[in-house]
Amino acid sequence: MKKKPDGAAGATGKSAREKLANAATSMRKVIGAAAVHVGDLNGDGKVDNEDLKIAMGKAKRIASKVADEARTLGKGVVKNEMVKDAVAGAAIGAVVAIPVPVIGPMAGAAIGAGLGAYKNLTKNGPSTSTQDRPNLALDLHAELLKLGDLREKGLLTEDEFALQKRRLLDERG
């Protein structure tokens, strides 16, 4: 193995070290200047507590506007009939799926929400024809039987059963 002369290796290493040190110093200056340029919100040439106060004030104003918009959108969503049907379907799906270990309440809620939304999309509104009235009675009977079954299994309390029964009767009656 050939050995390099000590002087040559040392000079090259020192020169590279000096270059790296100079590059690091230059980068620090550039990054520092960029930080001051971006962070100096009051224009005094430095980033300080005053800039922090200005940034916090802007953040509060923006957060307030976002919250107001979210509240407005939320109010509109809650009034939407499809959302109401999806929520009702999700609640029923979650309760029905609790005893099924493979599905579980989360998947049951998702399936129920999808079915509730589908129900909303496919309903045609109240029917006035006399031919549809027996189907409504059969649907009501089937829904009441389902609620009774859920109550017997202990998945609905007496109060929840009474509330759902009243809701069904009010909708159909």
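The values are calculated or read from the model by the stated rules, or taken from the named source; none is laboratory data. Since the structure is predicted, the reported quantities are computational estimates derived from the model, not experimental observations. All Cβ positions, even for glycine, are placed from backbone atoms using ideal geometry, and neighbour counts span all protein chains on display.
A compact table of results
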| quantity | calculated |
| --- | --- |
| Among the residues listed as Lys53, Lys46, Lys60, Lys29, the single one being assigned to a loop (DSSP other than H, G, I, E, B) and of a type in the set (Lys, Arg) | Lys46 |
| Residue pairs meeting the criteria (Cβ under 6 Å; at least 6 apart or on separate chains; first of a type in the set (Val, Ile, Thr), in the range 42-66; second in a helix (DSSP H, G or I)) | Val47/Val36; Val47/Gly39 |
| Failed item, numbered, when Ala86 is tested on (1) in the same structural domain as Ala109 (by TED's automatic domain parsing); (2) touching a Lys or Arg at 6+ places or on another chain (Cβ under 7 Å) | (2) |
| Every residue from the range 94-115 that is over 23 Å from the mean Cα position of the chain (by Cα) and over 18 Å from Leu147 (Cα atoms) | Pro101, Val102 |
| Positions within the range 93-111 being touching a residue at least 24 places away in the same chain (Cβ under 8 Å) and within 18 Å of Gln164 (Cβ to Cβ), in sequence order | Val95, Val96, Ile98 |
